1. Report, by chain and number, residues whose modeled amide H sits under 5 Å from the one on VAL20, excluding near sequence neighbours (fewer than 5 apart, same chain).
2. With Cβ to Cβ distances under 11 Å as the rule, what net charge do the other residues near ARG121 carry (K, R +1; D, E -1)?
3. With all protein chains present, calculate the accessible area of THR108 using a 1.4 Å probe and round the result to the nearest 10 Å².
4. Need the full-extension length gain, ILE83 to MET144, defined as separation in residues times 0.36 nm minus the C-alpha distance. One decimal, nm.
5. Which entry in (i) 167; (ii) 130; (iii) 157 is this structure's computed volume of the Cα convex hull per residue in Å³?
6. Among VAL162, ILE110, MET142, which residue has its Cα furthest toward the positive end of the charge dipole of the chain, with +1 on Lys/Arg Cβ and -1 on Asp/Glu Cβ?
7. What ranking, highest mean first, results for peptides 97-107, 153-163 when packing means the other Cβ atoms within 10 Å averaged over each residue?
8. Name the residues whose placed amide hydrogens come within less than 5 Å of the amide hydrogen of ARG33, ignoring near sequence neighbours (fewer than 5 apart) on the same chain.
Amino acid sequence: MAEEPVREEQQVQEEQEAVVFCKWHPQVETGLRCYQCGAPICPRCAQRTPVGYLCPDCRKGRKQNFEHSLPADYVIAGVVSLILGGIAGTFLPLVGWFVIFLSPLSGTLIAEVVWYLVDRRYGSHLWQIISGCIIVGSLPMMLMSLLSGDLFVILWSVVHVVMAIGTVMARLRLQ
């Protein structure tokens with residue numbers, strides 16, 4: 001009877017010592033496994049989570065679980081962010097260096113208003129729609145400044161767009 005536990009321990013050790021290769025990179029040896037499906041993964045494929053590592057397939061499936069947006073959500077996001085982005089892109093570059101503080105606030109405001117209007121449904125392209133509309137909304141001010149030769153307003157317009165989009169990305173982008 002005492003021999004059976006010893007055999008089981010030896011079998012477990014042999015399984016642990018076996019060389020395992022990554023499912024996505026067959027030439028890479030690994031000791032990591034996906035905590036959800038158990039697939040062997042290399043450090044390039046693994047995404048660390050609070051409870052273990054996820055493989056690319058499980059990570060993709062997880063992201064799809066959050067995708068709940070409707071086609072109308074993208075239209076709402078486009079219209080609202082174009083209007084709010086146009087207002088912010090027209091007035092914020094005129095305040096000079098205060099744009100450094102006000103642009104992240106405007107990006108957050110735009111993201112939160114859109115997020116509220118789409119009933120907090122996540123869409124993987126929602127942040128891209130909002131970012132594009134912020135750029136389009138800021139273009140008239142940039143073009144007027146370019147025609148008038150006011151380089152500082154163009155500079156602050158660019159700073160505004162970059163900071164507002166960065167805030168929208170941080171708020172709405174799921175990684």
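The values are calculated or read from the model by the stated rules, or taken from the named source; none is laboratory data. All values derive from a computational prediction rather than experimental measurement. FYI the Cβ positions are ideal-geometry reconstructions off the backbone, even for glycines, and counts take in every protein chain you see. Each accessible area value is taken on the protein alone, full model and side chains, heavy atoms only, with ligands, DNA and RNA left out. Shrake-Rupley method; radii C 1.70, N 1.55, O 1.52, S 1.80 Å.
1. For VAL20, the qualifying residues are THR30.
2. Within the 11 Å Cβ shell, the charges total -2.
3. Roll a 1.4 Å probe over it and THR108 shows about 60 Å².
4. Additional length available on full extension: 20.2 nm.
5. Recomputing volume of the Cα convex hull per residue in Å³ here picks out (i).
6. Towards the positive end, the residue furthest out is MET142.
7. The peptides rank, most packed first, as 153-163, 97-107.
8. Sorted by chain and number, the residues that satisfy this are ILE41.
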